[in-house]
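Down below is the structure, laid out as structure tokens.
Derivation of every value follows stated rules applied to the coordinates shown; laboratory data play no part. On a predicted model such as this, the values are computed, not experimentally measured, just so you know. Cβ atoms come from the backbone with ideal geometry, glycine included; neighbour counts cover every protein chain shown.
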Amino acid sequence: SELPDDLFQAIATLKQDLNAIVLAHYYQDPDIQDIADYIGDSLGLSRKAAHTDAEVIVFAGVHFMAETAKILNPNKLVLLPDLDAGCSLADSCPPDAFAAFKAQHPDHLVISYINCTAEIKAMSDIICTSSNAVHIVEQIRADQPIIFAPDRNLGRYVMEQTGRDLLLWDGSCIVHETFSEKKIVQLKVQHPEAQIIAHPECEPPVLRHADHIGSTTALLNYAQTSESPAFIVATEPGIIHQMQKEAPHKQFIPAPPMNNCACNECPHMRLNTLEKLYLAMKNRTPEITLPEEIRVAALRPIQRMLEMT
Ligand code: 13P
Ligand code: SF4
């Protein structure tokens, strides 16, 4: 077979041979997190991609994340273990429909959540992530109208936090919209000592109960520093691997989905496996490519984000 007995060792060897860095998001399989050189939220991963001197970037995340790394590093080989690892939020904002929407509001500044395609980034003025969205919107003149795309839940959260009126694109994440308010409240009754921590991509009925709202990195930091002995975690449960590592004595309870048959793992993130990651490095494919014209246009709003954060 093509696979070595010790995948961990084989990947470590390939990292050296290729001068590669493995960047992983917190929603990846725990095995992938364990072999990563850097694990982070979308902002941390973009910053790391912007500053690495490795020749090859192996991106253990979804397509828009690897694409952002390629936009920042046109001359590097950027590998994504499974090219089908997409994102429901990115899919909820097709470029043609967005171009028409934007044309209807020519006076609006376009702030787009990083969970979108390069084509949408190319039509945006500023990119943001869940960790800097509030801070970025606060820096925009109060009389400047703003389109916020594609996540309506993050958009609504930013509106509440800033008191600004944003024109929202109606997108959402399939993972964060499945959490059940009722089951979270029931869990809280069973674990009154637990704090509810939630990602801003969650729907308002869930966010209403949250003791803390933030990006994956912000939730991880909060779980580590809070006095609470237990947490109900309303985001993709891959993050619990790092929470448990950093705070082994605390209890982390994944927030349950509405439908008992559903699982709250991101089906896109979980397409990547250690095996596919190894094969991607060994075969130097599948790689991210994009037209130079789109790359250059998409780079501008990403750079603006990095400058404003
Ligand atoms: P962050 O890690 O930036 O909070 O993003 C969460 C997410 O849904 C990524 O797809
Ligand atoms: Fe996209 Fe949601 Fe999966 Fe993140 S968790 S990659 S936003 S579908």
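Points worth noting:
- For segment 106-122, 3J(HN,Hα) computed residue by residue from phi via the Karplus equation (6.51, -1.76, 1.60; θ = phi - 60°) reads x, 8, 8, 7, 10, 10, 10, 5, 4, 6, 7, 6, 4, 5, 5, 4, 4 Hz, glycine and proline entered as x.
- With the convex hull drawn over the C-alpha atoms of segment 249-291, the volume per residue is 180 Å³.
- Working from the Cα coordinates of segment 139-275, the gyration tensor eigenvalues give, after taking √(5λ), semi-axes of 27, 18, 16 Å in decreasing order.
- Rel. contact order, % - alpha carbon contacts under 8 angstrom, at least six apart, segment 24-173: 18 percent
- Sparsely packed loop sites in segment 245-309 (the trypsin sites (Lys or Arg not before Pro) outside DSSP H, G, I, E and B with at most 15 other Cβ atoms within 10 Å) comprise Arg284.
- Phi angles of segment 165-179 translate, via the Karplus equation with coefficients 6.51, -1.76, 1.60 and θ = phi - 60°, into HN-Hα couplings of 9, 10, 8, 9, 7, 8, x, 7, 9, 4, 6, 6, 8, 8, 5 Hz per residue; Gly and Pro are given as x.
- Only helices enter the 222 nm calculation for the chain: every DSSP H run of n ≥ 4 contributes -39,500 (n - 2.57), and dividing by all residues gives -12000 deg cm²/dmol, rounded to 500.
- The Rg/Rh ratio for segment 181-254 is 0.92, where Rg is the radius of gyration of the alpha carbons and Rh is the Kirkwood radius.
- Residues with amide H under 5 Å from that of Cys128, placed H, sequence gap 5 or more: Ser112, Tyr113, Ile114
- If you model the chain as an ellipsoid using its alpha carbon gyration tensor, with each semi-axis the square root of five times an eigenvalue, the axes come out at 29, 28, 16 Å, biggest first.
- Rounded Å value of the spacing that divides the Cα centres of segment 102-145 and segment 21-41: 28 Å
- Segment 150-200: GluC sites (Glu not before Pro) in DSSP coil with no more than 13 other Cβ atoms inside 10 Å: Glu193
- Under the combined filter of DSSP loop state and at most 10 neighbouring Cβ atoms within 10 Å, segment 1-106 retains these GluC sites (Glu not before Pro): Glu2.
- Among Ala90, Ala247, Ala69, residue whose mean-square fluctuation peaks in a GNM of the chain (springs only between Cα atoms under 10 Å): Ala247
- Using C-alpha pairs under 8 Å with a sequence gap of at least 6, the mean separation divided by the residue count of the chain gives a relative contact order of 23 percent.
- Taken along its principal axes, the alpha carbon cloud of segment 1-134 reaches lengths of 57, 29, 27 Å, longest axis first.
- Label point distance in nm, Gln190-Glu55, each placed 7 Å from Cα along Cα→Cβ: 5.3 nm
- Segment 181-254, relative contact order [Cα under 8 Å, separation at least 6], %: 30 percent
- Protection proxy ranking of 34-40, 121-127, 22-28 - average other beta-carbon atoms within 10 Å, highest first: 22-28, 121-127, 34-40
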